[in-house]
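Below: the structure, in structure tokens.
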Amino acid sequence: MRSTEEFAWVTLTTNDNYGLGALVLAHSLKRAGTAHQLAVLVTPTVSEAMRDRLKDVYNVVQEVNVLDSQDAANLALLARPELGVTFTKLHCWRLVQFEKCVFLDADTLVLKNCDELFEREELSAAPDVSWPDCFNSGVFVFTPSVDTFTKITEFAVQNGSFDGGDQGLLNQYFGDWATADIKKHLPFVYNVTAYASYCYLPAFKQFRDMIKILHFAGKLKPWLIQFNSQTKTAATPNEYAHAQDLIQHWWTIFCDNVHQSLTDNMITITITITIPITR
Ligand code: UDP
Ligand code: MN
């Protein structure tokens, strides 16, 4: 395994709520003992206070802004506003100070050390639960390259995205993923969907201890779940009952590593965290 400076975990947040996810994710990576760098892409809509908190734990906090950028691919994409958030994720290919990266959605939680993922090649990802011949774009290994960035953005302008999001676009661009090279299929334990309707419950129980990365894909994000600050328990909804301990783990990291660093102002701008800050 090569030295630590060349490899980075990369996530994205366009607002302060997903910023909470990014903070918990970063601490989960550190708890799992990663040797690699952490980078987060932020848009101008992320508050200064949130950026400061992200800087505490991320080595790189990179602002990405569609409108400020002058290159042809960006300008072309401006004509396709529906691809907005998708486009933002693509900026990860511009982190060319790193040799290889793993993108993680801000709604993922790393449960075990996964540094071996950097031995994989672009584009490696795990199957999507609802259409396993597509990969899920919440966790993927990629090689930063301005050339690839330009090619994907041009492809997006030409072809759009069949699902309107980054997953459809990336599956179209890396269209031979399902058939070309089995080494680019990550085991499912690197991107396990937590939401019950997407989840095969007996298998979830059987293989629970092998899960390396949990993904809170879908509408209900951990930071939207009610948390009782007295009992320190999350009011896990039915859809997540099988993953109660893992939801609890997200909140434990939030309480231990994130909450005390937030200002009152940041608490009020988030819609669900109603616990008072006690120092
Ligand atoms: N994201 C963001 N702001 C948004 C929506 C999405 O920053 O308003 C980023 C964030 O990193 C998120 C990722 O894009 O994890 C993909 O979106 P999401 O996880 O909500 O999609 P899902 O996994 O539920 O399909
Ligand atoms: Mn996600």
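The values are calculated or read from the model by the stated rules, or taken from the named source; none is laboratory data. Everything quoted here is computed from the prediction, not taken from an experiment. Positions of Cβ are backbone-derived with ideal geometry, glycine not excepted, and every protein chain shown enters the neighbour counts. With ligands, DNA and RNA removed, areas are computed over all heavy atoms of the protein, side chains included. Shrake-Rupley method; radii C 1.70, N 1.55, O 1.52, S 1.80 Å.
Considering only the stretch 105-122, state which residues are within 14 Å of HIS36 (Cα to Cα) and touching a Leu at 6+ places or on another chain (Cβ under 6 Å).
VAL110
Within the stretch 107-140, track down each residue that is small (Gly, Ala, Ser) and either at positive phi or more than 16 Å from ligand 2 (Cβ to nearest atom) (or both).
SER124
Take the residues of the stretch 195-207 that are among the hydrophobic types (A, V, I, L, M, F, W, C) and over 13 Å from SER130 (Cα atoms): which is most open to solvent (accessible area, probe 1.4 Å)?
PHE207
Determine, yes or no, whether SER130 is touching a residue at least 24 places away in the same chain (Cβ under 8 Å), farther than 17 Å from HIS36 by Cβ, of a type in the set (S, T, N, Q) and part of a loop (DSSP other than H, G, I, E, B).
yes
Please work out which one of (1) open to solvent by 30 Å² or more (accessible area, probe 1.4 Å); (2) at pLDDT 95 or above; (3) within 16 Å of ligand 1 (Cβ to nearest atom) is the condition SER130 fails and give its number.
Here SER130 clears every test but (2).
Being free of Cβ contacts under 8 Å to residues at least 40 places away in the same chain and either on the phi > 0 side of the Ramachandran plot or away from ligand 2 (no atom under 16 Å from the Cβ) (or both): is that true of PRO187 here?
It is false that PRO187 is free of Cβ contacts under 8 Å to residues at least 40 places away in the same chain and either on the phi > 0 side of the Ramachandran plot or away from ligand 2 (no atom under 16 Å from the Cβ) (or both).
Filter the stretch 104-117 for residues that are more than 12 Å from ALA26 (Cα to Cα) and crowded, with 20+ Cβ neighbours inside 10 Å and give the result.
CYS114, LEU117
Would you confirm whether or not the stretch 230-238 contains a residue that is without any contact (Cβ under 8 Å) to a residue 40 or more places away in the chain, within 16 Å of ligand 2 (Cβ to nearest atom), surrounded by 11 or more Cβ atoms within 10 Å (Cβ to Cβ) and on the phi > 0 side of the Ramachandran plot?
No, there is no match, as no residue in the stretch 230-238 is without any contact (Cβ under 8 Å) to a residue 40 or more places away in the chain, within 16 Å of ligand 2 (Cβ to nearest atom), surrounded by 11 or more Cβ atoms within 10 Å (Cβ to Cβ) and on the phi > 0 side of the Ramachandran plot.
Within the stretch 118-127, which residues are within 17 Å of LEU12 (Cβ to Cβ) and either acidic (Asp, Glu) or within 14 Å of ligand 1 (Cβ to nearest atom) (or both)?
ALA125
Being closer than 12 Å to ASP105 by Cβ, of a type in the set (Gly, Ala, Ser) and open to solvent by 10 Å² or more (accessible area, probe 1.4 Å) is the filter here; which residues of the stretch 4-37 pass it?
Matches in the stretch 4-37: none.
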